[in-house]
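FYI, it's all coordinate maths here, none of it is from the lab. Keep in mind it's a predicted model, so treat the numbers as computed, not measured. Every residue, glycine as well, gets a Cβ built from its backbone with ideal geometry; the counts of neighbours run over all protein chains shown.
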Amino acid sequence: MPELPEVETIVRALRPVLTGKTILQAEFLHPRTTPHTPPARLKEALKNNRIVAVSRRGKYILVHLENKPDMVVHLRMSGKLLLNKESLSDPHLRAFFRLSENIVLNFVDTRTFGFLYLLEEPIPEGFRSLGVEPLSSSFSAKRLAELFRNRKSPVKALLLRQDLIAGIGNIYASEACWIAKVHPATFGGELEEKQLKALHRAVRKVLRQAVDLMGTTLNDFRRPDGTPGEYGNALLVYGRKGEPCPRCGQTIERIVQNGRSSFLCPNCQHETRGG
DNA sequence: AAGAGACCCTGGATGC
DNA sequence: TGCATCCAGGGTCTCT
């Protein structure tokens, strides 16, 4: 469910609460939640360990510990990290952590796609191969051009590749393409310099704005205090099939690319494949 | 190399 | 009301 802005929102909420606390107890309730590190190893590594920082890499949440290794959490589609909410009776509670000062952190995940593990060798491929952070200074228009050069793959698919750019998901990929007036089916290698610059700006703009509004809640996303994000109303094309384009008034279309919805304005976003 | 589709799950919305 | 179908913000895998 969460993309970069939602994960960043969660990290910002957890950071002041978790930093400096000691993990007194960790429990893991579903085998799919701990695919890489056995629960016994996790419990042993986490017990009486102190959290020194909380950060984000792509869509991963990193819990930095005084005694290494660190722990990473990926929420995938439906995962939630909830603070001090009584969730023991929640049938979808997959793990929980009791910390010093009576803090409880619950990992609730209906679909059990989410997972966590210790960041130790061998580091799983998904984390190890993460691409550039789109809000960092190393993500320039030039860098985007290099990443897309000669690619015979649709822009939408390239934007979703975490090993190229880390953190963009299905919602913000559609939004960025609309802002940049790029048709999502255009091959990455066929974007003109002007379009690459526009797309670079659009990606950073939409991610920054969504972070400012604490993410998008369509159904599942919740901040650690249980409240939803506020970017949902600001979405320009995502989920707006049949509504008028906010720029030109033409009806917004939904197409399916690689099994995922893309929303676009057929008037503003010309398919420029082949020039 | 790259695209299409299946798959991992559960639940909500929609249609008949 | 009940049942079937479709859909979902992620990511990996196989087959072509």
If amide H atoms are built 1.01 Å from N in the plane of the peptide, which residues on other chains or at least 5 residues away come under 5 Å of the amide H of A:LEU29? A:ALA95
Taking placed amide H atoms and a strict 5 Å upper bound, the residues 5 or more places from A:ARG57 or on another chain that come that close are A:LEU62
Using a Förster radius of 30 Å, what is the FRET efficiency between A:GLU66 and A:ASP212 based on their Cβ-Cβ separation? Nearest 0.05, please. 0.40
Show the residues, 5+ positions off or on another chain, whose built amide H is closer than 5 Å to the amide H of A:ARG151. A:GLY189
What FRET efficiency comes out for A:ASN48 versus A:ASP90 if R0 is 25 angstrom and r is the Cβ-Cβ distance? Round to the nearest 0.05. 0.40
Please list, in order along the range A:154-166, the HN-Hα scalar couplings obtained from phi with the Karplus expression 6.51 cos²θ - 1.76 cosθ + 1.60 (θ = phi - 60°), rounded to whole Hz, x for Gly and Pro. x, 3, 4, 5, 5, 5, 7, 6, 6, 7, 9, 10, 9
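Return A:LEU218, A:LEU42, A:LEU75 ranked ascending by Cβ neighbour count within 10 Å, so the fewest neighbours appear first.
A:LEU218, A:LEU42, A:LEU75
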quick note, chain A, DSSP beta bridge pairs, % antiparallel (nearest 5) is 95 percent
Which helices of chain A meet both criteria: a Cα extent of 24 Å or more along the helical axis and a mean Kyte-Doolittle score no lower than -1.0, with helices taken as whole DSSP H segments? A:193-212
Scalar couplings 3J(HN,Hα) for the range A:55-64 by Karplus 6.51 cos²θ - 1.76 cosθ + 1.60 (θ = phi - 60°), nearest whole Hz, x for Gly and Pro, are 9, 10, 9, x, 9, 8, 9, 10, 9, 7
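Given C-alpha coordinates of the range A:147-275, what is the ratio Rg to Rh with the Kirkwood estimate of Rh?
On the way: Rg = 14.4 Å, Rh = 15.0 Å.
Radius of gyration relative to Kirkwood radius: 0.97.
Ordered by packing density, taken as the mean number of other Cβ atoms within 10 Å over each peptide's residues, highest first, how do A:181-191, A:86-96, A:205-215, A:222-232 rank? Don't skip to the end; give the middle numbers.
On the way: A:181-191: 20.9, A:86-96: 15.2, A:205-215: 19.1, A:222-232: 17.3.
The densest-packed peptide leads the list: A:181-191, A:205-215, A:222-232, A:86-96.
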For a quick check: sort A:THR112, A:THR33, A:THR251 by the number of other beta carbons within 10 angstrom, fewest at the front. A:THR251, A:THR112, A:THR33
Could you give each residue of the range A:253-268 its phi-based ³J(HN,Hα) in whole Hz, using Karplus coefficients 6.51, -1.76, 1.60 with θ = phi - 60°, and x for Gly or Pro? 10, 10, 10, 10, 10, 6, x, 10, 6, 10, 10, 7, 9, x, 8, 6
